[in-house]
Amino acid sequence: MIRRTVDKTSGSCGESASLRILFEGALWSGSDSYAYVRALRRAGHSVTAIEAANFLPTGWRSKWLRGLRRILEPWLIAEYERALIDMARHLSPQLFIGFKANYVTPAAMHVIKDTGAVAINVYPDVSFMAQGPRLPKTLPLYDWVFTTKTFGLKDLESTLGVRNASFFPPAYDPEVHAPCELDAADRAHYQADVSFIGSWSPKKEMVMAALAQAMPDARIRIWGNTWDRASSESLRSAIEGRVVTGLEYAKCVRASRINLGLLSEQVQGASSGDLITHRTFAMPACGGFMLHERTAEITQYFEEGIDCALFSDNEDLVAKARYYLDHESERAFVAEAGRARALRSGYSVDARIQEVLSRFEIIAARKRRSSGVSESDNPFNRGTG
C-alpha cells in the first residue's frame, strides 16, 4: 500500500510507504480531530482511531447525570485506558497521534511508547493546564508536541519543561469547509445579517452584547455551546441554543452576510488568549465573509480589506458591520478572495498532516540511528504494515 503526498501549493502527489497509525481524538463530523483522521486516510495511511467520549459520556446535561459521571469517572477512565492499551498492543503502530488527548494516562503512554511507536501530540487549545490532571503528566512523554498557539511554545517549556515542540496554525477541513448550495429551507434556518459560531465566554458575550445594542434592527444570531450562561438581555433573541457542525457549519457561514471571528480570552495556565483560531481559516474556506478580531498574527495569513475585514474594539466592530452590510459587492469580493487565499496558501489540514508526517520521519530516523538499525532495514521504506 502506498500513500499519496500532496504538495500544499501545487497539489502534486508523490509516493511513499503507508503508515500504521493509532489516533486518539474526537471523531464527530466537523471536529478538527476527525479532519486529521480523514486527511491521513486520504493520504493513504492506515488509521485506527479511538475516542474517549465513547467511554466517558460527555453529553449528559442533567445535574444528576453529571454527578453520576463524576462518581463513575475513575472506573470509566480505567476502562478507556485498558481499551487504548489493548489497541496499541494489538496494532503495534508506527505512529501514535493524540489530538488534545486529555484523557490519555501516563500508564497508557508508556505502553504505547514500548510498542516502538513515535508519539506526537497535536494540541489545539489555549491552555495546557485547564484540561484536567492527566494532560500535564502525559505531554512530556510525547516525542513531539505541535501547538496551534504561538505562545504555546513558551507555555510548554515554562509550565511542563517540554522543549520538543513546534507551532503550526489551525487548519480548515476541505471536506467540510467549502462553499455549498443553500435551498430555501437552509436560508430560512440560518440566514443572518451577523452571526457568531462558537462557545460562550465572558469576553464574547460582552462583544456580542455591544453589537446587539448598537444594531437593534440587524438580525444577529449566535450558535454554540454554553450560551445559556449569558445574562445580557440584548442577546436573548440572538442565542440559538444549538451547535452547528459539519456541513451545517458550512451552510450557516454561507447564509450569514457577516461571520464574526471572536477570540477566546486568556485562561488559567496560558500566557495569552487566542490570537488566531480554527474559525480564522474555516470561515473563509467556506466562502463566507469574515470580520475578525484584529491581532498581529491574523495579518500574517490574511490581508485586511482584501481577503478579510478586521476590527479593533467594539466601536470599530459596529462601524465595520454597518459598512459591510451596506456594501454587498465589496463584501462578496472579500469573501471570494478569502477562500482563494485559504486554498492557495496551504491552510488546509492536508498541509498540516504533512508537517506531522515529516516530524515523524525525523524522529523515527533518529531512533533507528540510536538503536543501530540501518535505513535498508527500515520497514517504513519497505512499505510493510
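The values are calculated or read from the model by the stated rules, or taken from the named source; none is laboratory data. Please read these numbers as outputs of a predicted model, since none were measured by experiment. Here Cβ is always computed from backbone atoms with ideal geometry, including for glycine, and neighbour counts include all displayed protein chains.
At a glance:
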| quantity | calculated |
| --- | --- |
| Counted residues, the stretch 268-327 - those being among the aromatic types (F, W, Y) and either closer than 22 Å to M206 by Cβ or more than 19 Å from the chain's Cα centre (by Cα) (or both) | 4 |
| Unique match (being closer than 30 Å to R279 by Cα, part of a helix (DSSP H, G or I), at pLDDT 95 or above and not acidic (D, E)) among R41, R66, R82 | R41 |
| Complete set of residues in the stretch 287-296 that are touching a strand residue (DSSP E or B) at 6+ places or on another chain (Cβ under 8 Å) and either among the hydrophobic types (A, V, I, L, M, F, W, C) or within 26 Å of Y34 (Cβ to Cβ) (or both) | G288, F289, M290, L291, H292 |
| Leading residue by the ranking (farthest from G305 (Cα to Cα)) among those in the stretch 340-350 that are surrounded by fewer than 22 Cβ atoms within 10 Å (Cβ to Cβ) and touching a residue at least 40 places away in the same chain (Cβ under 8 Å) | G346 |
| Qualifying residue in the stretch 268-275 (condition: touching a residue at least 24 places away in the same chain (Cβ under 8 Å), in contact with a Lys or Arg (Cβ under 6 Å, 6 or more places away or on another chain) and not small (G, A, S)) | no |
| Only one of E315, E330, E361 that is of a type in the set (D, E, K, R), in the same structural domain as S166 (by TED's automatic domain parsing) and at pLDDT 95 or above | E361 |
| Qualifying helices (runs of 4 or more DSSP H) (wholly inside the stretch 149-268; at least 2 residues being exposed (fewer than 15 other Cβ atoms within 10 Å of the Cβ)) | 184-190, 202-214 |
| Residue in the stretch 236-254 that is more than 28 Å from R187 (Cα to Cα) and in contact with a Phe, Trp or Tyr (Cβ under 7 Å, 6 or more places away or on another chain) present | no |
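Quick grid of which residues meet (1) without any contact (Cβ under 8 Å) to a residue 40 or more places away in the chain; (2) part of a helix (DSSP H, G or I); (3) buried (at least 24 other Cβ atoms within 10 Å of the Cβ):
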{"site": "R89", "(1), (2), (3)": "yes, yes, no"}
{"site": "I97", "(1), (2), (3)": "no, no, yes"}
{"site": "Q131", "(1), (2), (3)": "yes, no, no"}
{"site": "P136", "(1), (2), (3)": "yes, yes, no"}
